[in-house]
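Working notes, structure below.
The values are calculated or read from the model by the stated rules, or taken from the named source; none is laboratory data. What you are looking at is a predicted structure, and each value in this text was computed from that prediction instead of being measured. Every residue, glycine among them, receives a Cβ derived from its backbone with ideal geometry; neighbour counts consider all protein chains shown.
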Amino acid sequence: MRTQKRSYSIEFKTKAVELSNHRGSLSDVAQELNISSDNLKRWKKEYKEGKFTGSVKIKSPEEQELIRLQKELAEVKLERDILKKAVGIFSKNDR
């Protein structure tokens, strides 16, 4: 059985690169987005070379707000998961 080659939009690639720049961990971001870390490395290189800049369309204020809220939601979920793990660790020590 052959796997289908997946194609990604310029916007997706740009957001993935920006997310990896923001978080610093390339492999974690690649795993979260269900993409190959090799792809993300290549996209990051292309992004630095300026290959993505002309292809990204200007977003409306509503789209920008949606993107901002999605980023904020992702950060809050990450914080929640970290706090859940911390509570689990500290509650084990209390027994």
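Here are the numbers for this structure:
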item	result
Candidates E11, E65 - the one that is at pLDDT 85 or above, surrounded by 10 or more Cβ atoms within 10 Å (Cβ to Cβ) and not basic (K, R)	E65
Candidate set from the stretch 14-62 (those that are more than 14 Å from the chain's Cα centre (by Cα) and surrounded by 12 or more Cβ atoms within 10 Å (Cβ to Cβ)); member that is modelled with the highest pLDDT	R42
Enumeration of residues in the stretch 10-52 that are over 22 Å from L73 (Cα atoms) and outside any helix (DSSP H, G or I)	S36, E49, G50, K51, F52
First in the stretch 4-19 and within 16 Å of K71 (Cβ to Cβ), second anywhere and aromatic (F, W, Y), Cβ under 6 Å, 6 or more apart	T14/F52; V17/W43; V17/Y47
